[in-house]
Amino acid sequence: MQENKLCCLIILLMLVGIAQSYAQNPWQQDKGEALISPFVSHYRATAFRSRDGEKIPFQDQGLFTNYNPRMYFSLPLNGYKVNFFGSIPLFINRFDDTQQRQRNVDLGDLELGARFHLRQMKNHYLMGALTAFIPAYQNNNLPYAGFGRFGMEGRLILAGNSPWLGESNNFHKVEGAFRQFFPGGPSQIRLFSSQGIRFAPKTVLLGEIDGMFSFSRESQFFENNLQLVSDFTMVKASLNIGYEFTPEFSLYGGLFHDILNRNSGIGSGFQVFSVIRMKSKVK
């Protein structure tokens, strides 16, 4: 699902921040700086869990797959204190079983927002973000790309490192967010945490736990249309490894798997993404 993929893109900011030494918030882009991140993930599911936790295979040997390329960017609006960011996604959804084959290629929800530096607390930084989700698709072909509704999200972010593990070889982040789609929902709560360790001069190991709790009166489950399911619980774990080829270019890859599901597909897959930093000579 698209929410599962987006968390990895936001992580890119902290990977960039730890790679350099900044006088200001290292998790934000400062004047004269920019960040872009091409990203692609693959998701597959052959079963789901009911509200009671029962694992149920899709009927007729059903298989749902999703490829999700997207481009993420982050730019300073008021130096490091305010960043403008966004994500442009493409969804390649497919559902196959013994009775039918469905395939849809479409844009997803465009994500545009502002992220604010709120406060520095020794080795940690408190940030807030406001994001708009704008559907760029018609939902006229199955499997759909999303809810087809406008959404808004507020998020709090606490990011930093642990000096007892080393000044520059570790980082972590904790997020809490509330997202509302209009009209009629769903309402969603997202909780996220991550821990990164630099175990070699240019190599980073990154673990993530990402939870999405979605609430809606539209509680039906669609095995051939997973991105339209609006009342569910999902917690995903992922492990990524990254290599910094140059200070301006890094490449990361990893695996993910759902570890808790209710009224949702049991998914797993992989993701590959790069971090490209651009910096002008004069700020």
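Restricting attention to region 78-118 and to residues that are among the small types (G, A, S) and in contact with a strand residue (DSSP E or B) (Cβ under 6 Å, 6 or more places away or on another chain), the residue that is farthest from G62 (Cα to Cα) turns out to be A114.
Yes or no: region 214-227 includes at least one residue that is modelled with pLDDT under 95, open to solvent by less than 20 Å² (accessible area, probe 1.4 Å) and under 24 Å from F85 (Cα atoms). Looking through region 214-227, at least one residue is modelled with pLDDT under 95, open to solvent by less than 20 Å² (accessible area, probe 1.4 Å) and under 24 Å from F85 (Cα atoms).
The sole residue among T131, T98 that is polar (S, T, N, Q), more than 21 Å from F192 (Cβ to Cβ) and out of contact with any Cys (no Cβ under 8 Å at 6 or more places or on another chain) is T98. Count of region 228-265 residues, restricted to those that are under 15 Å from V204 (Cα atoms) and surrounded by 16 or more Cβ atoms within 10 Å (Cβ to Cβ), is 7. Identify all residues within region 63-95 that are crowded, with 20+ Cβ neighbours inside 10 Å and outside any strand (DSSP E or B); write none if there are none. Scanning region 63-95 gives no hits.
Inside region 187-204, can you point out the residues that are touching a residue at least 60 places away in the same chain (Cβ under 8 Å) and of a type in the set (S, T, Y)?
Selection gives S194 alone.
Residues considered: N123, N83, N68, N93. Of these, the only one that is in contact with a helix residue (DSSP H, G or I) (Cβ under 9 Å, 6 or more places away or on another chain), at pLDDT below 95 and under 29 Å from G207 (Cβ atoms) is N123.
Only one of the listed residues (A145, A129, A114) is open to solvent by less than 40 Å² (accessible area, probe 1.4 Å), touching a residue at least 24 places away in the same chain (Cβ under 8 Å) and part of a loop (DSSP other than H, G, I, E, B). That residue is A145.
The values are calculated or read from the model by the stated rules, or taken from the named source; none is laboratory data. Just so it is clear, the model here is predicted, and its values are computed rather than measured. Neighbour counts run over all protein chains shown; Cβ positions are idealised from the backbone, glycine included. We work out accessible area using only protein heavy atoms, side chains counted, and drop any ligands, DNA or RNA first. Shrake-Rupley method; radii C 1.70, N 1.55, O 1.52, S 1.80 Å.
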